[in-house]
Amino acid sequence: MEIFIDCIKVKTFRGARLCDALMTYSKEAYKLLMKEEIWLEDERGNPMDADGRLWDGIELYIKHKVQ
């Protein structure tokens, strides 16, 4: 399955969760997600749950917490 995180194609397995795909994309980004310093939104601006299932072709965007 192929998804996109910040316009970069990420290949992951069918049934992958957002956190699985993010770890494939960047271990550092995964750590930031776990520390709640970032979150991801879909192409419509809807926040995505870290344990949420993904589907082929979804576009996700990393958002940073403002300090």
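Values in this text are rule-based calculations from the coordinates and carry no lab data. Since the structure is predicted, the reported quantities are computational estimates derived from the model, not experimental observations. In this analysis, Cβ positions are derived from the backbone assuming ideal geometry, glycine residues included, and neighbour counts consider all displayed protein chains.
Net charge around LYS11, counting only other residues with Cβ within less than 14 Å of its Cβ (Lys, Arg = +1; Asp, Glu = -1)?
Working: positive: LYS9, ARG14; negative: GLU2, ASP20, ASP56.
Taking every Cβ under 14 Å from that of LYS11, the sum is -1.
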In nm, the gap between the two label points placed 7 Å beyond Cα toward Cβ at TYR61 and GLU36 is 2.4 nm
Go ahead and estimate [θ] at 222 nm for the chain from helices alone: -39,500 (n - 2.57) per DSSP H run with n ≥ 4, summed, over the residue count, rounded to 500.
-6500 deg cm²/dmol
Taking the chain, the lysine pairs whose C-alpha atoms sit under 23 Å apart (8 or more places apart or on different chains) add up to 13
The simple spin-label model distance between ILE8 and ASP49, using points 7 Å out along Cα→Cβ, in nm, is 2.7 nm
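List the chymotrypsin sites (Phe, Trp or Tyr not before Pro) within region 1-41 that fall in a DSSP loop (any state other than H, G, I, E or B) and whose Cβ has at most 13 other Cβ atoms within 10 Å.
On the way: sites: PHE4, PHE13, TYR25, TYR30, TRP39; in loops: PHE13.
For chymotrypsin sites (Phe, Trp or Tyr not before Pro) across region 1-41 that sit outside H, G, I, E and B with at most 13 neighbouring Cβ atoms in 10 Å, the list reads PHE13.
Sorted from largest to smallest, which semi-axis lengths in Å does the alpha carbon gyration tensor of the chain give for its equivalent ellipsoid, taking the root of 5 times each eigenvalue? Walk me through the numbers on the way to the answer.
Details: eigenvalues 62, 32, 21 Å².
Three semi-axes, in Å: 18, 13, 10.
Give me the net charge for the shell around ASP51: Cβ to Cβ below 11 angstrom, other residues only, Lys and Arg +1, Asp and Glu -1.
Values: positive: ARG17, ARG53; negative: ASP20, ASP49.
Taking every Cβ under 11 Å from that of ASP51, the sum is 0.
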So what is the relative contact order for the chain, in percent, with contacts set as C-alpha pairs under 8 Å and at least six apart?
41 percent
